[in-house]
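Scroll down for the structure; my scribbles are underneath it.
FYI, it's all coordinate maths here, none of it is from the lab. Because the structure is a prediction, the values reported are computed rather than measured. Backbone-built Cβ (ideal geometry, glycine too); neighbour counts: all protein chains shown.
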Amino acid sequence: MNEKLSDTGRKTVLAPLFDSGWEMVEGRDAIRKTFAFEDFVTAFSWMTRAAFYAEKWNHHPEWSNTYNTVEVVLTTHDVDGLSALDAKLARKMDRL
């Protein structure tokens, strides 16, 4: 079962993500980041690789793609806010 991040967990888990460009979504307990790529094919390829992890972990992002950019929002709907799964998927997306 997923659990909403505690205040301590937020400080520990989210700080490195904020350093890498993630930010809180105003009015929601969610994080977002815009990824920019060389072209559409590279952006879509990245989304495909990320989708395999999202499916494997049963944790799917809210995202959109316009040409070479991908806008990602992560939150855990089961707990109505951020969980460790959001941080895990965000870190994976940063590494892809």
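Counting the residues of segment 60-96 that are crowded, with 20+ Cβ neighbours inside 10 Å and either out of contact with any strand residue (DSSP E or B) (no Cβ under 7 Å at 6 or more places or on another chain) or among the aromatic types (Phe, Trp, Tyr) (or both) gives 1.
Does residue 35 count as in contact with a strand residue (DSSP E or B) (Cβ under 7 Å, 6 or more places away or on another chain), surrounded by 12 or more Cβ atoms within 10 Å (Cβ to Cβ) and outside any helix (DSSP H, G or I)? Yes: the conditions hold for residue 35.
The residues of segment 1-22 that are among the charged types (D, E, K, R) and either closer than 14 Å to residue 91 by Cβ or surrounded by 12 or more Cβ atoms within 10 Å (Cβ to Cβ) (or both), listed by number, are 3, 4, 10, 19. For residue 70, the test of being touching a residue at least 40 places away in the same chain (Cβ under 8 Å) and β-branched (Val, Ile, Thr) is failed.
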